[in-house]
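The block underneath contains the structure these notes are about, expressed in structure tokens.
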Amino acid sequence: MKTEVISTARREDAGTTIGAELIQNGELVAFPTETVYGLGANGLDGEAVNRIFEAKGRPNDNPLILHIAKKSDVKDLWAHVPKIANTLMDTFWPGPLTMIFNKADEVPYEVTAGLETVAIRMPSDKTARLLIQKAGVPIAAPSANRSGRPSPTTAKHVLDDMDGRIPLILDGGPCRYGVESTVLSLVGEPTILRPGAITREMLEAVIGPVRLAPSILEPLGAREVAASPGMKYKHYAPDADVHVIEGEPKAAAKRIRSLYYEYESEGKRVAILGTDQTMPSYRNLTAYSLGDRMEPETLCANLFTLLRDVGSENDVILAEGVDTRETGLAFMNRLLRAAGFQRETV
Ligand code: TXA
Ligand code: MG
């Protein structure tokens, strides 16, 4: 299959029309969102949804998110709309918040991987919304990477993983946030299953206490598998072996320098992912800045691109950890998973 790439800067209207037709015909379309690129199919067509799992090589017990273009569409996809969800929708939709609640009968079990709950989000990206509107159905879409790889934040990342496997990629340029949406379960106490740009602090300001699933900064315990199937798989893994060094920035940078020389003396190609604040400590070493420590959203926006680019040219990546406040939590959640939890604190 030939994979066509259409730039939305030049041909948004034509691109979304062609994309919507493909979706209606049960085919797959990769499209930009404000978080990462999605790989979409008609969310009401179980057979089309199965193609997503094939193209990604995704384990079929990992459920998908349904993307909608208007808030009122949740009524058809959830058994009912809890009051708290209305409050959250009014505050955070359209945007990077996914909510999970009991599914309506119309939602196929292919989307939910057999669960009685379904995840829904309304993206703010204009192209994504146009595509959903024109398709006239909710679009089921995971991140558009091969399973296990870092999520794509540019159309080139999607092409690298999906060339020849899907008919169309809509190229909307780099994604604004660069990490996937916050996933909040509303079944029982509100619980964050995956942190994102809508932070725990932002949610709590609107609805009061929100729990964090324990697996956010740790490997998944056996008891949790049922609540968050996606978290049990290997995630975001670049080609290189990633190590995370946490602690006071100066001390962490010192430890990273000494590890750098150790790996280099073993003949390994080593690179550092530091921050603006510590870059002066890495002069003459192969080092890239993730951004400003005081603005973790910049770290999020750069993480997956650097993991892909730097990871493909090196054997070892030494990365700095940061505070887990606000969007620092989303950053550390992705980084620790990319590292398979190889971490040390100085
Ligand atoms: O930002 C995003 O959310 C992107 C863009 C494309 O919208 N999508 C995305 O999808 O990240 P995906 O499939 O890569 O991640 C969805 C996560 C997985 O961890 C999955 O296990 C979880 O949401 N999930 C989906 N439905 C669920 C459900 N009913 N119960 C528990 N977890 C669910
Ligand atoms: Mg994913």
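Computed quantities for the displayed model
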item: Any chance residue 152 is within 27 Å of residue 80 (Cα to Cα) and either touching a residue at least 24 places away in the same chain (Cβ under 8 Å) or within 15 Å of ligand 2 (Cβ to nearest atom) (or both); result: no
item: Among the residues listed as 78, 93, the single one being touching a strand residue (DSSP E or B) at 6+ places or on another chain (Cβ under 6 Å), more than 10 Å from ligand 1 (Cβ to nearest atom) and among the aromatic types (Phe, Trp, Tyr); result: 78
item: Those residues of region 97-134 which are surrounded by fewer than 23 Cβ atoms within 10 Å (Cβ to Cβ) and either among the small types (Gly, Ala, Ser) or more than 13 Å from ligand 1 (Cβ to nearest atom) (or both), in sequence order; result: 104, 105, 106, 113, 114, 124, 126, 130, 133, 134
item: Lone unmet requirement of (1) more than 21 Å from residue 80 (Cα to Cα); (2) more than 14 Å from ligand 2 (Cβ to nearest atom); (3) hydrophobic (A, V, I, L, M, F, W, C) for residue 162; result: (2)
item: Complete set of residues in region 13-58 that are among the acidic types (Asp, Glu), farther than 17 Å from residue 123 by Cβ and part of a loop (DSSP other than H, G, I, E, B); result: 27, 45
item: Test: residue in region 169-180 that is acidic (Asp, Glu), more than 12 Å from ligand 2 (Cβ to nearest atom), in a loop (DSSP other than H, G, I, E, B) and at pLDDT 95 or above; result: no
item: Qualifying residue in region 39-56 (condition: out of contact with any Leu (no Cβ under 8 Å at 6 or more places or on another chain), away from ligand 2 (no atom under 16 Å from the Cβ) and among the hydrophobic types (A, V, I, L, M, F, W, C)); result: yes
item: Selected residue [of a type outside the set (A, V, I, L, M) and crowded, with 22+ Cβ neighbours inside 10 Å] from 164, 178; result: 178
item: Whichever residue in region 106-138 is among the acidic types (Asp, Glu) and more than 14 Å from residue 66 (Cβ to Cβ) and, among such residues, is nearest to ligand 2 (Cβ to nearest atom); result: 125
item: Residue match in region 307-320 (condition: assigned to a helix (DSSP H, G or I), in contact (Cβ under 8 Å) with a residue 40 or more places away in the chain, in contact with a His (Cβ under 9 Å, 6 or more places away or on another chain) and buried (at least 20 other Cβ atoms within 10 Å of the Cβ)); result: yes
item: Index of the failed condition, residue 141 passing every other in (1) within 16 Å of ligand 2 (Cβ to nearest atom); (2) assigned by TED's automatic domain parsing to the domain that holds residue 49; (3) farther than 16 Å from residue 99 by Cβ; result: (3)
item: Condition check for residue 140: within 11 Å of ligand 1 (Cβ to nearest atom), in contact with a helix residue (DSSP H, G or I) (Cβ under 7 Å, 6 or more places away or on another chain) and not charged (D, E, K, R); result: yes
item: Strands (runs of 3 or more DSSP E) wholly inside region 182-293 containing at least 3 residues that are at pLDDT below 95, over 20 Å from the mean Cα position of the chain (by Cα) and more than 20 Å from residue 328 (Cα to Cα); result: none
item: Qualifying positions in region 305-346 - touching a Phe, Trp or Tyr at 6+ places or on another chain (Cβ under 7 Å) and of a type in the set (A, V, I, L, M, F, W, C); result: 306, 307, 310, 316, 318, 322, 338
item: Residue list for region 172-217, restricted to those being basic (Lys, Arg) and in contact (Cβ under 8 Å) with a residue 60 or more places away in the chain; result: 176, 194, 200
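Quick grid of which residues meet (1) in a loop (DSSP other than H, G, I, E, B); (2) buried (at least 20 other Cβ atoms within 10 Å of the Cβ):
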residue: 60; (1), (2): yes, no
residue: 66; (1), (2): no, yes
residue: 73; (1), (2): no, no
residue: 80; (1), (2): yes, no
residue: 84; (1), (2): no, no
residue: 87; (1), (2): no, no
residue: 91; (1), (2): no, no
residue: 95; (1), (2): yes, yes
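The values are calculated or read from the model by the stated rules, or taken from the named source; none is laboratory data. The shown structure was predicted, so the numbers you read here are calculated from the model rather than taken from an experiment. Because the Cβ atoms are built from the backbone with ideal geometry, glycine has one as well, and the counts that use them run over all protein chains shown.
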